[in-house]
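Below is one structure, written out as structure tokens; the observations come after it.
Quick note: the coordinates plus some simple rules give every number you see, no bench work behind them. Computed from a predicted model, the values in this text were never measured in an experiment. Here the Cβ is made from the backbone with ideal geometry for all residues, glycine too, and neighbour counts use every protein chain on show.
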Amino acid sequence: MTKIKARRPQRSNPHAILRDAKEPLILKVMPADIRSAKKKDQMHCAAANALCRQEHYKQARVCKTKTYVQHRDGTWERYITPLHLYLEIMVFDRDGVMHGGEFKLMPPKGSQRLGHHMKPRGKLGEMGRVPNPVHTIEHVRADAPRGRNLERLLMGDA
């Protein structure tokens, strides 16, 4: 048997520069943006249309948690998509109905910034929390509890 190697998708421009936004952006979604939007298309949704119209960006992509905008010089900037905007887009993708309004796109802060990595923790430098060891009781009846939830079972909460 031969293994088939999965290919990584190619980026549209391998030399594109991605950076975090520095200042918040107020996005105003108008009814004209909603009319010209396409369902389930992150590049042609109402918010992307409004970004291109309002700020004259070359291209915009609105995803679930992040919004990417491309400037005329080819550099990309990254914002945090607000929850209210994501919910409106989700409803639009299902039903085709969206209410316009103002949404505040915030720049990434703290651990959301590009290049931020968590400190290694746990066994062998892995990420995440250190697992608690499971206490097992040996040499008891076959139907007796041996590990987790032992205290709950012994106290009679079962």
Task: For region 90-108 versus region 10-75, the gap between their alpha-carbon centres in whole angstrom - done: 13 Å
- [ ] Run the quick spin-label model on Leu87 and Gln54: label points 7 Å from Cα toward the beta carbon, then report their separation in nm to one decimal.
- [x] 1.9 nm
Open item on the list: I need the peptides 94-105, 54-65 ranked by packing, meaning the mean over residues of other C-beta atoms within 10 angstrom, with the highest value on top.
Closed with: 54-65, 94-105
Task: Evaluated over region 18-112, the Cα radius of gyration and Dmax, each in Å - done: 12.3, 36
